[in-house]
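S.K.: First, the structure itself, so that you have it in front of you.
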Amino acid sequence: MNVIRAGDLTKTYATDGVEVHALMGVSVDVEAGSFIAFVGPSGSGKTTLLNLLGCLDKPTSGRLEVAGSDVTRLDRRQAAAFRGARIGFVFQSFNLIAVLTAFENVEYPLVMVQDRPAIERRRRVLELLDAVGMADQRDKRPEQLSGGQKQRVAIARALVTRPELVLADEPTANLDGETAYTIIALMKKLRDEVGTTFVFATHDTRIIGAAEIVYTVEDGRLTGRQELP
Amino acid sequence: MGNLVKIAVRNLLRYTRRSLLTVSLIAFGVVFVLIFVAMAGAFKETIVASITDNYLGHLQIHRRGYVASIESLPLNLNLEPAQLAAIQKALESVPDVAGASERIKFNAMFSTFVETTGMRVTAVDPDREFAVSPKLPARVLQGDRTPAALARGKILVPELLARGMGTKVGDTVVVVATNKDGSVNGKTLLVSGILESATGPGGRDGYIHFEDAMEILRMPGTEATEVAIRLRDFDQVARVGRALRERLEGGGGSRAALEVHTWAQLSPFATVATLIDMMALFMKLMLIAIVLISVLNVMIMAVYERVREIGTIAAIGTLPRKILSLFLVEGVMLGTAGAAAGVLAGAAIILALNVWKVSVAFGGARQLFVLSPRIDLFEVVLASVMVIAVSVVASVQPAVRASRMEPIDALRHV
Ligand SMILES: Nc1ncnc2c1ncn2[C@@H]1O[C@H](COP(=O)(O)OP(=O)(O)O)[C@@H](O)[C@H]1O
Ligand SMILES: [Mg+2]
């Protein structure tokens, strides 16, 4: 089963009358439960591709199915609902909500996006905080946490809704080498435990080795596919 | 909802000083409006009570045309016996009437045998007049404060005149007047009391018994200049006025020759009262402006500061409607906090004003009116609802802007 089926995706930005072809005919299928990386230099189109896969943006042309649905036809509201139900996001700058504690940040999608009952929320949040090793920090605000700790909380937030797909754009770019490696290792461990598909974009050579499939992105095209042992 | 409020409150507390400043500003506006409304209401009520309870009554009925020439107190525009009977009948049909007093008003010469001066005289039946003007007895500075002070052959002399003429209680004086046929007649009267001045027309009149006036003016039958009416409930003035007008001013014959006026139509203070009401309205408009500007300002800042956070929550699937309500709730919390603080502070100040009494002198009268500012629950609710409603309105534009942000644009924002 493929969680992503993308065919001949293009994305053209037109700013001030100048057209930028950020993606030019990208086709890729991602099997459920895989752990894959898009790797390429800055400006090659990784973020653009992940935005399309994450239903944050629409392709200029091409076909795109995510979790079995044609997502090219969703309107703004439907896309938001789709993301809330099926996709988890991990960001480069963690993007936790400043006024909420670690616990409340993880709980946020269950309250504001999915409207789950309190008992279920508590159970799931504690389970995930435990899985990312942040259970003892759950009452701290983001400003009291280190970068690595914030990213752990963010990963817990991305997984708490049990999405089919987690997208992480440069998740380690703001972390030091060792922390970067442990974060990737943590994502992989969670993939092993819950079977969620992880797709990340990076130009960080330190963590590429952790991926199972590596796609090389250059100038808006996929120029290589490599399976690592 | 609980979570929306929690997030809103935490976000407001994040910029404690700014939020406190805004809340204080709104509270200040609310306090200002409440105190103004309370003080203005107390002032109006005190003055109106002083005017109506001293001499004006709540309503007056005259012969048509009398009020237009009221300054000269014309005797040829008196109410005739048939008209008085018609008025009597009309008043019996209105259950709200607490009392009615027929009065004869005329210009007279007042003489102490040594000196003579002009005086305006109001002639009344004492029991009926005291029912219509309950503050009249209290104005008797020296002498008798009972209706006996206005028994036949007695006169209550206005203070200013008594002082100028050296008149004292127990003196014998003469009141001389010209009747409508032009013949002059006088009567010797005993001074039973000195009457303190009151604000407004009628506040400097001398008082005698109704029948003494009939005698001086050589009236063949019972005539009266006016009928003053007091109601059980002051707030019914407009309604009863309309009812009486319908009964007395409509139709033909003797009734068509009558006119009914409320106190407000007879007293220049009614204009002041309207002005005060307009000022209160203006204060409320100011309050609306304060709330609108301060909440709008805070909410625009809040959205601007949190663009990336908005991008984040939108990306992870928060629906636009939820984002909208997040910011609306935040604005409403600001307004609600301001309204609550303002109502509490306002109530405390109004209470304090009642403990340490505030008094005003009005219209040059020597009486000091002690104000007891009160605030209706209605005014409190109105001000609070207004503040909260305006804070919703002020939050709409920033909240809509937040809810319409594209997550990828917002996420790129640094
Ligand atoms: N919103 C945009 N408007 C115009 N050009 C854009 C926009 N987003 C990205 N681009 C351009 O598209 C290309 C790919 O960008 P991006 O996907 O961010 O690459 P990467 O994430 O690999 O660094 C770049 O040339 C970039 O300048
Ligand atoms: Mg990028």
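The values are calculated or read from the model by the stated rules, or taken from the named source; none is laboratory data. On a predicted model such as this, the values are computed, not experimentally measured, just so you know. Heads up, the Cβs are rebuilt from the backbone with ideal geometry, glycines too, and the neighbour counts pull from every protein chain shown.
S.K.: Among the residues of region A:42-51, how many are in a helix (DSSP H, G or I) and either within 6 Å of ligand 1 (Cβ to nearest atom) or closer than 13 Å to A:Val217 by Cβ (or both)?
M.R.: The qualifying residues number 5.
S.K.: Out of all the residues in region B:368-412, which are in contact with a strand residue (DSSP E or B) (Cβ under 8 Å, 6 or more places away or on another chain) and within 20 Å of B:Leu281 (Cα to Cα)?
M.R.: Passing the criteria: only B:Pro373.
S.K.: Kindly evaluate A:Lys150 against the criterion of being surrounded by fewer than 19 Cβ atoms within 10 Å (Cβ to Cβ) and in contact with a helix residue (DSSP H, G or I) (Cβ under 7 Å, 6 or more places away or on another chain).
M.R.: Judged against the criteria, A:Lys150 is not a match.
S.K.: Let me ask you something else. Take B:Lys135 and decide whether it is out of contact with any Lys or Arg (no Cβ under 8 Å at 6 or more places or on another chain) and in a loop (DSSP other than H, G, I, E, B).
M.R.: yes
S.K.: I need the strands (runs of 3 or more DSSP E) fully contained in region A:174-229, keeping only those with at least 3 residues that are away from ligand 1 (no atom under 16 Å from the Cβ) and in contact with a strand residue (DSSP E or B) (Cβ under 6 Å, 6 or more places away or on another chain).
M.R.: Those strands (runs of 3 or more DSSP E) span A:221-227.
S.K.: Next up: Name the pairs whose Cβ atoms lie under 6 Å apart, with the first residue in region A:162-179 and within 14 Å of another protein chain (Cβ to nearest Cβ) and closer than 15 Å to A:Arg152 by Cα, the second away from ligand 2 (no atom under 16 Å from the Cβ) and not in a loop (DSSP other than H, G, I, E, B), and 6 or more positions between them or separate chains?
M.R.: A:Val166/A:Gly88; A:Val166/A:Ala158; A:Val166/A:Phe198; A:Asn174/A:Gly147
S.K.: Further, regarding this structure: Could you go through region A:82-103 and let me know if any residue there is surrounded by fewer than 21 Cβ atoms within 10 Å (Cβ to Cβ), more than 14 Å from chain B (Cβ to nearest Cβ), free of Cβ contacts under 8 Å to residues at least 60 places away in the same chain and in a helix (DSSP H, G or I).
M.R.: No: zero hits.
S.K.: Identify, please: which residue in region A:118-145 is assigned to a helix (DSSP H, G or I) and aliphatic (A, V, I, L, M) and is, among those, surrounded by the fewest Cβ atoms within 10 Å (Cβ to Cβ)?
M.R.: A:Ile119
S.K.: A:Thr60 fails exactly one of the following numbered conditions: (1) surrounded by fewer than 21 Cβ atoms within 10 Å (Cβ to Cβ); (2) in contact (Cβ under 8 Å) with a residue 24 or more places away in the chain; (3) within 14 Å of another protein chain (Cβ to nearest Cβ). What is the number of that condition?
M.R.: Of (1) surrounded by fewer than 21 Cβ atoms within 10 Å (Cβ to Cβ); (2) in contact (Cβ under 8 Å) with a residue 24 or more places away in the chain; (3) within 14 Å of another protein chain (Cβ to nearest Cβ), only one is false for A:Thr60: (3).
S.K.: Would you check if there is a residue in region A:22-41 being within 16 Å of ligand 1 (Cβ to nearest atom) and part of a loop (DSSP other than H, G, I, E, B)?
M.R.: Yes, because at least one residue in region A:22-41 is within 16 Å of ligand 1 (Cβ to nearest atom) and part of a loop (DSSP other than H, G, I, E, B).
S.K.: Let me ask another. Look through B:Leu73, B:Leu77 and report the one residue that is touching a strand residue (DSSP E or B) at 6+ places or on another chain (Cβ under 6 Å), surrounded by 15 or more Cβ atoms within 10 Å (Cβ to Cβ) and modelled with pLDDT under 85.
M.R.: Going through B:Leu73, B:Leu77 in turn, the sole match is B:Leu73.
S.K.: Separate question: Specify which of the listed residues (B:Ile290, B:Ile313, B:Ile300) is surrounded by fewer than 18 Cβ atoms within 10 Å (Cβ to Cβ) and part of a helix (DSSP H, G or I).
M.R.: Only one candidate qualifies: B:Ile300.
S.K.: Which residue pairs have Cβ atoms under 7 Å apart, sit 6 or more places apart or on different chains, and have a first residue in region B:76-95 that is within 15 Å of B:Arg230 (Cβ to Cβ) and in the same structural domain as B:Val132 (by TED's automatic domain parsing) and a second that is assigned to a helix (DSSP H, G or I) and not acidic (Asp, Glu)?
M.R.: Hits for this filter: B:Ile87/B:Leu248; B:Val94/B:Val240; B:Val94/B:Ala243; B:Val94/B:Leu244.
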